[in-house]
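A.B. asks: Before we start, here is the structure in question, set down as structure tokens.
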Amino acid sequence: MPRKTRLLIVEDEAAIRIGLTDLFVFHGYEVETASDGREGLRKALAGGQDLLLLDVMLPGVDGFEICNRVRAADPEQPIVMLTAKSSDEDIVRGLTLGADDYVAKPFSVTQLVLRVQAVLRRSRSVQGDLALIRLGDGLEIDTQNLSGQRGSETLAFTRRESDLLKYLAAHPERPVPREELLHRVWGYARGADIETRTVDIHVAKLRRKIEPDPAEPRHLVTVRGAGYRLVLG
């Protein structure tokens, strides 16, 4: 009998923590919880979880710090951040630290389950072997080591940024729609009614890294009404 998928839920509000536990147990998950940041960090660093569900506003150690510490220890650990903060600045901060997704309160339980399933599905899939991506301006991106080089400048990428670049590089002849990226890169079920700006936020982050002028992108371009295209060479 295969083992159940293991979640660690770090949430200081008891009612939400209990509700999330009941929700995911009902959906067949094995759930461990922590009620403050220090306990959550200790359990997260101990490992053994398939996914971490982190509230941001926690006593002791906040969710951003937990995410940062876990990413340093295990770059592949799936992480979803859960918070009442929904500004672009907070979302970008969470994603920059390496969170796979970001869900704002109040949330639909259906949406939350779908997004957790998508992150897990994505983490278990195998990406194609595009180890090196070359763009203009002498930029080379090593997708395996999550690094890039342009002359003497060294760039660092998150795993999700690397996966997004690999998928776009594998389809250079056409613009790739957001819906396809959500399905193929983020792992959401095709046709799922998902409300998220994560594709656009990741594209904006990548442009700040790879474009000489992010306001006038030449490598990662938007094709109006069609999606995004990576211009190689």
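Readers should treat all values here as calculations from the given coordinates under stated rules, not as data from a laboratory. Quick caveat: nothing in here was measured; it's all calculated off a predicted structure. Cβ: placed from backbone, ideal geometry, glycine included. Neighbour counts: every protein chain shown.
A.B. asks: Along Cα→Cβ, 7 Å out, is where each label goes; now give me the distance between the ones at residue 208 and residue 142 in nm to one decimal.
C.D. replies: 2.4 nm
A.B. asks: Can you list the residues, at least 5 places off or on another chain, whose amide H is less than 5 Å from the amide H of residue 33, using H built in the peptide plane?
C.D. replies: Amide H neighbours of residue 33, under 5 Å, 5+ apart: 9.
A.B. asks: Taking neighbour Cβ counts within 10 Å as the exposure measure, how do 185, 116 sort from fewest upward?
C.D. replies: 185, 116
A.B. asks: Cut-off under 30 Å on the C-alpha distance; same-chain residues fewer than 8 positions from residue 166 excluded. Which lysines are left, in chain and number order?
C.D. replies: 205, 209
A.B. asks: A further question follows. Among all the lysines, which ones have a C-alpha under 18 Å from residue 105's C-alpha, if same-chain residues fewer than 8 places away are not counted?
C.D. replies: 85
A.B. asks: Which ordering of 152, 147, 162 is given by a fewest-first count of other beta-carbon atoms within 10 Å?
C.D. replies: 152, 147, 162
A.B. asks: Let me ask you something else. Hey, what did the range 6-124 get for relative contact order, percent, Cα under 8 Å, at least 6 apart?
C.D. replies: Once divided by the residue count of the range 6-124, the mean separation gives 22 percent.
A.B. asks: A further question follows. For 16, 91, 79, what ranking results if the residue with the fewest other Cβ atoms within 10 Å of its Cβ goes first?
C.D. replies: Least crowded to most crowded, the residues run 16, 91, 79.
A.B. asks: For the chain, what is the calculated [θ] at 222 nm in deg cm²/dmol (nearest 500), taking -39500 (n - 2.57) for each run of four or more DSSP H residues and dividing by its residue count?
C.D. replies: So the calculated ellipticity at 222 nm is -12000 deg cm²/dmol.
A.B. asks: A further question follows. Loop only by DSSP, 11 or fewer other Cβ within 10 Å of the Cβ. Give me the GluC sites (Glu not before Pro) in the range 1-102 that pass, ordered by residue number.
C.D. replies: 76
A.B. asks: Give, as a single signed number, the net charge of other residues whose beta carbon lies under 9 Å from the beta carbon of residue 218, with Lys and Arg counted +1 and Asp and Glu -1.
C.D. replies: -4
A.B. asks: Here's a follow-up. Counting only DSSP beta bridges with both residues in the chain, tell me the antiparallel percent, nearest 5.
C.D. replies: About 50 percent, rounded to the nearest 5.
A.B. asks: Run the numbers on the chain and let me know its relative contact order in percent, using alpha-carbon pairs under 8 Å that are six or more apart.
C.D. replies: So the answer I get is 13 percent.
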